[in-house]
1. Quick one: which strands (runs of 3 or more DSSP E) sit completely within the stretch 186-293 and have at least 3 residues that are modelled with pLDDT of 95 or more and under 21 Å from Asn52 (Cα atoms)?
2. Whether any residue in the stretch 84-93 is among the aliphatic types (A, V, I, L, M), crowded, with 19+ Cβ neighbours inside 10 Å and farther than 30 Å from Thr225 by Cβ is what I want to check.
3. Could you count how many residues in the stretch 165-185 are acidic (Asp, Glu), outside any loop (DSSP other than H, G, I, E, B) and out of contact with any strand residue (DSSP E or B) (no Cβ under 6 Å at 6 or more places or on another chain)?
4. Look through Ala99, Ala106 and report the one residue that is modelled with pLDDT of 95 or more, more than 15 Å from the chain's Cα centre (by Cα) and either surrounded by 19 or more Cβ atoms within 10 Å (Cβ to Cβ) or not assigned by TED's automatic domain parsing to the domain that holds Trp202 (or both).
5. Here are some residues: Ile155, Ile137. Which one is of a type in the set (A, V, I, L, M, F, W, C), on the phi < 0 side of the Ramachandran plot and in a helix (DSSP H, G or I)?
6. From the list Val209, Val196, which one is surrounded by fewer than 18 Cβ atoms within 10 Å (Cβ to Cβ), among the β-branched types (Val, Ile, Thr) and out of contact with any Cys (no Cβ under 6 Å at 6 or more places or on another chain)?
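The values are calculated or read from the model by the stated rules, or taken from the named source; none is laboratory data. Small disclaimer: the values here were computed from a predicted structure and weren't measured. When we count neighbours, we look across all protein chains shown, and the Cβ atoms used for this are built from the backbone with ideal geometry, even at glycine.
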Amino acid sequence: MKKLICLLLAAAMLFCLAACKEKPSAPGTDEATTAAPTELTKINFALDWTQNTNHTGLYVAKEKGYFAEAGLDVDILFVDGDSSTQLVASGWAPFGIDAQDTLAAAYTAAEPLPVTAIAAILQHNTSGIISRKGDGIDSAKGLAGKTYSTWDIPIEKAMLQTLVEKDGGNWDEVTLIPNNITDEPGALSAHQTDAVWVFYGWSCVNAQVQGFDFDWFYFRDLDPTFDYYTPVIIGNDDYMKANPELTKAFMAAVKKGYEYAAEHPAEAAQILIDSDQDGVLADAHELVMRSQEYLSEEYIADAPYWGYIDPARWNAFYGWLNGTGLLEKELPEGIGFTNEYLG
């Protein structure tokens, strides 16, 4: 019993000494003050695909401590087979990634999903058509008489039909085949297809790394209507309404991460590679580095700041989509996006 009392007294003395040491000094003294540790708020972030250079700013924000500075502990997750938008709408993750074209269905469904785009990861649509060099598919009309690997998505096919016909080609002469391609340069080289819709920053850079000669056109160069926002960060409406300051703090950290990635592409790419515990990105080191170099110019581009969504461009794409007859109901102007959480 005596031993126990002595131990308790010793512990109490240590506690008192520690408390005295941590007590803030009076104003005007040279002694530094020590703030009490703050418990971080844990949240999930739903990726749209496995880790790639579209996501670099998020991993920079985590690795550099920007999330922690904002009071957040963010788990960046990809759940294979689940839609990121569904995961955000359900509340499993308050934030995630999608794209303006695929988000349209969320707003026109019988029961619209409670999600809103709150930042553009890239300022311009970097997608287009890749094909073998010299096959004549360096513009949309060149698809006529060729095979195109399609996902069989109505918006996808309506876009391509619009571009082919605007360019003077015949859409009925385009042969559509299923898109089950994982390596575009390999599939084109083996003549499995003639043309594939890809994003330049990954697939075309991969073709360059492999030494594959290709032709290419951006959709945005043929029609500015198709310079829509892809990808975007989305948030759960109910969560953001209940937690506006947390949402702003989260987005400030994300913004800082992407600004760092824009200014330091090599360092940011290495952070992304190191975040991949499976080592897949390490095996594709040159591709990641060169992709990051390309995207460093696309994160902000000509926008006033990272993440900004131009209402005119957003509305132009949804205005075109309204005229296709593909939607259950029309998309009103201004639906589905906001810049208010970017500060």
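1. On the way: elements: 195-199, 214-218, 232-236.
Per the criteria, 195-199, 232-236.
2. In the first step, residues of the stretch 84-93 are kept if they are among the aliphatic types (A, V, I, L, M); the result is 87-89, 93.
Of the ones still in play, those that are also crowded, with 19+ Cβ neighbours inside 10 Å are 87-89, 93.
Among the residues that remain, those that are also farther than 30 Å from Thr225 by Cβ are: 93.
Yes, some residue in the stretch 84-93 is among the aliphatic types (A, V, I, L, M), crowded, with 19+ Cβ neighbours inside 10 Å and farther than 30 Å from Thr225 by Cβ.
3. Step one: list which residues in the stretch 165-185 are acidic (Asp, Glu), which gives 165, 167, 172-173, 183-184.
With the extra rule that they be outside any loop (DSSP other than H, G, I, E, B), the set shrinks to 165, 172-173, 184.
Still in the list and also out of contact with any strand residue (DSSP E or B) (no Cβ under 6 Å at 6 or more places or on another chain): 165, 172-173.
So the answer is 3.
4. Working: Ala99 fails: more than 15 Å from the chain's Cα centre (by Cα).
Checking each option against the conditions leaves just Ala106.
5. Numbers: Ile137 fails: in a helix (DSSP H, G or I).
That would be Ile155, the only listed residue that is of a type in the set (A, V, I, L, M, F, W, C), on the phi < 0 side of the Ramachandran plot and in a helix (DSSP H, G or I).
6. Details: Val196 fails: surrounded by fewer than 18 Cβ atoms within 10 Å (Cβ to Cβ).
That would be Val209, the only listed residue that is surrounded by fewer than 18 Cβ atoms within 10 Å (Cβ to Cβ), among the β-branched types (Val, Ile, Thr) and out of contact with any Cys (no Cβ under 6 Å at 6 or more places or on another chain).
This table checks each residue for (1) surrounded by fewer than 17 Cβ atoms within 10 Å (Cβ to Cβ); (2) touching a strand residue (DSSP E or B) at 6+ places or on another chain (Cβ under 7 Å).
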position	(1), (2)
His285	yes, no
Glu293	yes, no
Trp314	no, yes
Leu321	no, no
Thr324	yes, no
Lys329	yes, no
Glu333	yes, no
Gly343	yes, no
